[in-house]
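The values are calculated or read from the model by the stated rules, or taken from the named source; none is laboratory data. Note that the structure is a prediction, hence the values are computed from the model and not measured. Every residue, glycine as well, gets a Cβ built from its backbone with ideal geometry; the counts of neighbours run over all protein chains shown. Side chains included, ligands, DNA and RNA excluded: accessible areas come from the protein's heavy atoms. Shrake-Rupley method; radii C 1.70, N 1.55, O 1.52, S 1.80 Å.
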Amino acid sequence: MKYHVIYDGKCNLCATFAQLLEQFDRGEIFDYIPMQDEATLTEFGITAKDCEAGMILVDGNQPAKRWQGSDAAEEIAHLLPLGDLFVNAYRAIPGMKWVGDRSYEQIRDNRYQWFGKRDKTYDSNFPFRCDK
């Protein structure tokens with residue numbers, strides 16, 4: 001089963017996150033679509049405006065099933081080996097979900113100022129429709 005990670009390919013933090021996930025996963029669970037790839041996003045009915053709310057994770061078997069922002073980050077962690085332990089511990093701490101959501105929003109809204117913006121879109125080694 002594949003999940004599609006839609007990320008900001010111009011954001012240094014977002015591209016670095018995609019690269020780290022690629023190294024760990026090696027295309028087994030996830031493939032990647034930069035939000036700048038509007039033609040591919042259109043296939044999922046996703047617009048550039050939709051991407052403003054943060055990264056998006058799409059279930060490849062059920063494309064209508066999606067997570068966005070901090071929920072996408074949590075689901076990605078959940079899908080990784082031992083990720084359940086981290087996510088369950090995180091969710092068990094009172095108020096942590098709220099803090100995580102607000103932190104994600106701040107990082108999302110300030111990502112270019114805090115982490116910089118790339119001149120060229122980062123294209124993954126495991127792009128959408130790649131069979132590894």
key: Among the residues listed as 72, 77, the single one being within 12 Å of the chain's Cα centre (by Cα) and either within 15 Å of residue 14 (Cβ to Cβ) or loosely packed, with under 13 Cβ neighbours inside 10 Å (or both)   = 72
message = Between a residue in the stretch 90-111 that is closer than 19 Å to residue 56 by Cβ and any residue that is open to solvent by less than 70 Å² (accessible area, probe 1.4 Å) and part of a helix (DSSP H, G or I), which pairs come within a Cβ distance under 6 Å, given they are 6 or more apart or on different chains?
response = 100/70; 101/70; 104/70; 111/13
task = Read through the list (1) modelled with pLDDT of 95 or more; (2) open to solvent by less than 60 Å² (accessible area, probe 1.4 Å); (3) under 25 Å from residue 23 (Cβ atoms), then give the number of the only condition that residue 101 fails.
result = (3)
Residue selected from the stretch 29-40 under the condition free of Cβ contacts under 8 Å to residues at least 40 places away in the same chain and either surrounded by fewer than 16 Cβ atoms within 10 Å (Cβ to Cβ) or hydroxyl-bearing (Ser, Thr, Tyr) (or both), by the criterion farthest from residue 121 (Cα to Cα) = 39
query = Within the stretch 60-89, can you find the residues that are part of a loop (DSSP other than H, G, I, E, B) and over 14 Å from residue 25 (Cβ atoms)?
reply = 61, 62, 63, 64, 65, 69
